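Asks: Take a look at the following structure, please.
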Amino acid sequence: MTTFLITGGAGYIGAHVVRALLAAGERPVVYDDLSTGVRARVPEGVPLVEGSTLDRVLLDQTIARHEVGAVIHLAAKKQVAESITRPLRYYRENVHGLQILLEAVRGARIETFVFSSSASVYGTPVDDGPVTEDTVCAPISPYGETKLIGEWLVRNAGRAHGISTACLRYFNVAGAAAPELADTSVSNLIPMVFERLDAGLPPLIFGDDYPTPDGTCVRDYIHVEDLAQAHVAAARALSEQPFAGDLTLNIGRGEGVSVREMAEQIGVLTHHEALIPQVGPRRVGDPARVVARTDAAAKHLGWSARRGVRDMITSAWTGWRFIR
Ligand code: WQD
């Protein structure tokens, strides 16, 4: 049994990763500054250390005290729009914080490191086919830049210091394993639509003049439970093949769904069919289509997503009503 340090483990995705590790018989320790994480999301019996990855002394103490053998790094600022207005905070937290964490990992001779990266490293893919891990990375927001720089840090530190690493590029994450674990930040399509429905307003589609089948943007939605399983599979793959070099993997379903399709499905599944989606102006920085090729994750992790959009929407809606 390995003790895993889960930075950001009190967050929406982190809480699901902690539960997946417990179910797999592993021992998580949560390290979270609680700036957006929620203490109540940490299960009974799982140690929670309130701290920042910028605090090297506390990181060293925590790693030593809990005999940490592996790290899954999820702590980061992740709001694309906010990263444009506060780039220095994003670089400090997402890049400098990661650098300090990697120095602590190296100092403790930890050999397994899983990093939360993002499909936003791709920016606006040049063609509208599925993106592979070899697709050119040209992020178009400071957030996406911090994730790409983070991958460089992780891969270089891994190669130089004998750490097996996996960079997992998340696509659009949604859903919840339980109502109390739902995403509380209204910063992505599904909760943003929920908020409008609660106000008696129809979904607002940001542009329908994109070069896609119905003119609205196409994304690859992945259930947070499938995403959490991918972290367990990655940690296992790295520990079973010591110094397996570095893995960089798309974590998506490999299936594109348009904003209009999502908005209509949300309407049906939440019994708001009467609120017909409206179209507004484009949002700056939105690529027309970002959909994953997922062969590499299947090959290297033996993992693929199992849950569909319906489960994402219904579980998110149940969580929304539970929390609101
Ligand atoms: C999805 C689509 C909007 C709200 C996300 C995360 C980012 C990263 C990559 C992890 C876009 C449209 C939205 C609304 C709309 N994930 N939309 N009306 O921008 O694809 O990025 O995945 O690192 O952190 O944010 O996700 O949910 O913001 O938007 O039309 O009310 O829905 O224009 O096309 P995005 P999103």
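Asks: Roughly how many Å² of LYS78 are accessible to a 1.4 Å probe, to the nearest 10?
Replies: 90
Asks: Take the alpha carbon atoms of region 146-208, find their center, do the same for region 47-104, and report the distance between the two centers in whole angstrom.
Replies: 17
Asks: Here's another thing I want to ask about it. Report relative contact order for the chain in percent, whole number only (criteria: Cα-Cα under 8 Å, sequence separation at least 6).
Replies: 19
Asks: Relative to the longest principal axis of the C-alpha atoms of the chain, give the angle of the C-alpha long axis of helix 224-240, reported between 0 and 90° and rounded to the nearest 10°.
Replies: Between the helix axis and the principal axis of the chain, the angle is about 30 degrees.
Asks: When ligands, DNA and RNA are left out and all protein chains stay put, how many square angstrom of accessible area per residue does region 66-165 have with a 1.4 Å probe?
Replies: With all protein chains present, region 66-165 gives 44 Å² per residue.
Asks: Can you list the residues, at least 5 places off or on another chain, whose amide H is less than 5 Å from the amide H of LEU247, using H built in the peptide plane?
Replies: It is THR165, ALA166, CYS167, by chain and number.
Asks: How much length is gained if the chain between VAL126 and LEU22 is pulled fully straight, taking 0.36 nm per residue apart and subtracting their Cα-Cα distance, in nm to one decimal? Present the calculation step by step, with values, prior to reporting the outcome.
Replies: Numbers: separation 104, 0.36 × 104 = 37.44 nm, distance 4.05 nm.
Extra length from VAL126 to LEU22 when fully extended: 33.4 nm.
Asks: So who's got an amide H within less than 5 Å of the one on ARG293, skipping anything under 5 residues away but keeping other chains? H placed 1.01 Å off N, in plane.
Replies: Amide H to amide H, under 5 Å and 5 or more residues apart or across chains, ARG293 pairs with VAL131, THR132.
Asks: On to the next question. Return the sequence-ordered ³J(HN,Hα) values of region 319-324 in whole Hz as given by the Karplus equation 6.51 cos²θ - 1.76 cosθ + 1.60 applied to θ = phi - 60°, using x for Gly and Pro.
Replies: x, 4, 5, 5, 7, 8
Asks: From Cα coordinates alone, what are the radius of gyration and Dmax values for region 38-196 in angstrom?
Replies: In order Rg, Dmax, the Cα atoms of region 38-196 give 16.9, 49 Å.
Asks: Rounding to the nearest 10 and keeping the result within 0 to 90°, find how far the Cα-based axis of helix 12-23 lies from the longest principal axis of the chain.
Replies: Approximately 60 degrees, to the nearest ten.
Asks: Accessible area of ILE84, 1.4 Å probe, to the nearest 10 Å²?
Replies: 110
Asks: Can you give the FRET efficiency to the nearest 0.05 for ARG282 and ILE84, using r as the Cβ-Cβ distance and R₀ = 25 Å?
Replies: 0.95
Asks: Okay, moving on. Using only the C-alpha atoms of the chain, find the volume of their convex hull and express it per residue in Å³.
Replies: Cα-based convex hull of the chain, divided per residue, equals 119 Å³.
Asks: What angle, in degrees between 0 and 90 and rounded to the nearest 10, separates the Cα long axis of helix 142-161 from the longest principal axis of the Cα atoms of the chain?
Replies: Approximately 30 degrees, to the nearest ten.
Asks: For the modelled label position 7 Å from the Cα of ALA298 along Cα-to-Cβ, which residues of region 254-282 have backbone nitrogen atoms closer than 15 Å?
Replies: Output list for this probe position: 254-256.
Asks: Continuing with this model, one more query. Report, in deg cm²/dmol and to the nearest 500, the calculated mean residue ellipticity at 222 nm for the chain, where each DSSP H run with n ≥ 4 adds -39500 (n - 2.57) and the sum is divided by the residue count.
Replies: Rounded to the nearest 500, the figure is -11500 deg cm²/dmol.
Asks: Now for a different question. For the chain, with the dipole built from +1 on Lys and Arg beta-carbon atoms and -1 on Asp and Glu ones, taken about the Cα centre, which of ILE323, THR135, GLN278 lies farthest toward the positive end?
Replies: Positive-end residue among those listed: ILE323.
Asks: In square angstrom, rounded to the nearest 10, how much accessible surface does MET312 have for a 1.4 Å probe?
Replies: 0
Asks: Work out, step by step, the length gained on full extension between GLU240 and ALA64: first 0.36 nm times the residue separation, then minus their alpha carbon distance; give nm to one decimal.
Replies: 61.1 nm
Asks: With a 10 Å radius around each residue's Cβ, average the other Cβ atoms per peptide and rank 279-288, 31-40, highest first.
Replies: Top to bottom by mean Cβ count within 10 Å: 31-40, 279-288.
The values are calculated or read from the model by the stated rules, or taken from the named source; none is laboratory data. Note that this is a predicted model, so its numbers are computed, not measured. Here Cβ is always computed from backbone atoms with ideal geometry, including for glycine, and neighbour counts include all displayed protein chains. Each accessible area value is taken on the protein alone, full model and side chains, heavy atoms only, with ligands, DNA and RNA left out. Shrake-Rupley method; radii C 1.70, N 1.55, O 1.52, S 1.80 Å.
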